[in-house]
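Structure first, then comments.
The values are calculated or read from the model by the stated rules, or taken from the named source; none is laboratory data. This is a predicted model, so every value here is computed, not measured. Positions of Cβ are backbone-derived with ideal geometry, glycine not excepted, and every protein chain shown enters the neighbour counts.
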Amino acid sequence: MVHLASIPTDAQVDPVVDGLKKFKFERVPSIFPDEDLEDEDPAVISVYGSKYAAQDLPKIEMPEKEMPREVVYRMIKDDLTLDGNPTLNLASFVTTYMEEEAEKLMVDGFAKNFIDYEEYPVSADIQNRCVSMIARLFNIPAHDEKTNAMGTSTIGSSEAIMLAVLAMKKLWQNKRKAEGKSTDKPNIVMNSAVQVCWEKAARYFDVEERYVYCTADRYVIDPEEAVDLVDENTIGICAILGTTYTGEYEDVKAINDLLVEKDIDCGIHVDAASGGFVAPFTKPDIVWDFRLPKVVSINVSGHKYGLVYPGVGWVIWRDPEFLPKELIFNINYLGADQASFTLNFSRGASQIIGQYYQLIRLGKRGYRKIMCNLTRTADYLAMNLSELGFIIMSKLSGAGLPLVAVRLDPRKGAKYDEFAVAHQLRERGWVVPAYTMAPHSENLKMMRVVVREDFSKSRCDALLQDFKFALETLDKMDERKIEDHRQHMVQQAANKWRKLSVLGGPNAAYKDQDDHSLQGKHGKTHAVC
């Protein structure tokens, strides 16, 4: 039996975690060898004067005895200081700021098991309110002044996408069975720049992946190529509203119109993980949502531009007919009959409450103001990076997400690459990652800065200054120093992998065995979401 998380021994941990030790700490002689610290009172003894400050935090096995709460809090807090600063992590779309009032409401919801509708009916109703508001934001069709939307909250867009793929597959299977046809080989059409959760969904649910590959100058799906890949076994087409690499909006309307023109019975799922809370406010004239008849479902991440801490996502279907009933389970062992369609069951109500707070606290005007500010900051950053010699790969003026994707101009003849620039920025505290673009784009390298709500103009100016310093530092290096710099980067990455693997991370046993994904086959680096 294969276990994803290997269990390390002390012998494995010590060389990595304690690699700088020349000998065991316990062998250092104490200047108080006879002092008994066994019964020390945490109310009297300072945390750093206690015996625990001279011990390693437990890493492999639970300790035999309890520890004072003040000590545990301080020791873990100190350990976490070695994490990066979330506000300087410009790789991630995930929200890093919420108002204090929202945080208080979310803390109040920690103990509520959201799935227990009978015990927490208001929390359950808040989910329904959010689903209704988001469905209307996405222009759900209304009949007799009633919205027929079906939707649910999820842990994030990954779970939402899994549910959408399941629904599309089951709908296709039911149709094929009714026609007396085989259900053996379902496939789904998507851009090769999809987030890895799409690869997972296809692999986990036995759906063939059919890719429209990017090129050196096109980073979004080609509508005609996508429709040409559709056959009788296609369960649906994925269109992305804001790709993770360049933030571009794929042309959902063009795909829809081609399907209608050619009378092809195939639905579209819009992955609006990042763009679902942006495009309606910055580019309301873009038609991508339920206004298009072929769009059957949409997912969006509340913890991205929905402005909620991780993790919460949403998936909406345009009508109950697109969510097969056999995927919905009715349960009654929590005290009342209730329907359930999620991959996860028990979870807290906090993030759902946080989403509701943001929706009614900000309203459409508040979201519009925030998204317009972010777009303006992204344009400012892009124009300044262009002045520094970068080629801008992302769209300006709200035509894409509020992010800036750039690459070095090959005509400049720099001896270093984007990964070296990213490493220099990381040494200054910024996380601005470099990526290898999706397959068939000639191994294009790029960098990406995500502009989030708490990325102010002053912080943007500080980043620009450090971009300038990074380029000046690299420009001064000769070829030998550049190579030493590259080797240093490689060694740092290897040490990080080594440490994570030894500590039992799920990547340990499979790090070098990825021959089935886009990354394994083509060297694509999945952009952080």
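Here Met371, Met437 are screened, and the one residue that is touching a Phe, Trp or Tyr at 6+ places or on another chain (Cβ under 9 Å), modelled with pLDDT under 95 and within 29 Å of Val165 (Cβ to Cβ) is Met437.
For residues that are in a loop (DSSP other than H, G, I, E, B) and modelled with pLDDT of 95 or more, scanning just region 188-219, find the one that is nearest to Met162 (Cα to Cα). So the residue we want is Phe205. Which of the numbered conditions does Asn507 fail, given that it passes all the others? Conditions: (1) at pLDDT 90 or above; (2) within 23 Å of the chain's Cα centre (by Cα). Against the list (1) at pLDDT 90 or above; (2) within 23 Å of the chain's Cα centre (by Cα), Asn507 comes up short only on (1). Restricting attention to region 297-314, the residues that are touching a His at 6+ places or on another chain (Cβ under 9 Å), surrounded by 24 or more Cβ atoms within 10 Å (Cβ to Cβ) and either free of Cβ contacts under 8 Å to residues at least 60 places away in the same chain or not aliphatic (A, V, I, L, M) (or both) add up to 3.
Kindly indicate whether any position in region 26-38 is at pLDDT below 70, surrounded by 12 or more Cβ atoms within 10 Å (Cβ to Cβ), at negative phi and part of a loop (DSSP other than H, G, I, E, B). Yes, region 26-38 contains a residue that is at pLDDT below 70, surrounded by 12 or more Cβ atoms within 10 Å (Cβ to Cβ), at negative phi and part of a loop (DSSP other than H, G, I, E, B).
Consider region 440-461 and keep the residues that are under 23 Å from Gly275 (Cβ atoms) and of a type in the set (Gly, Ala, Ser). The one that is modelled with the highest pLDDT is Ser456. Screening the candidates Asp228, Asp222 for the property of being under 30 Å from Val404 (Cα atoms), surrounded by fewer than 22 Cβ atoms within 10 Å (Cβ to Cβ) and without any contact (Cβ under 8 Å) to a residue 24 or more places away in the chain yields one hit, Asp222. Taken over region 70-102, residues that are touching a residue at least 12 places away in the same chain (Cβ under 8 Å) and either farther than 28 Å from Thr342 by Cα or part of a helix (DSSP H, G or I) (or both) amount to 16.
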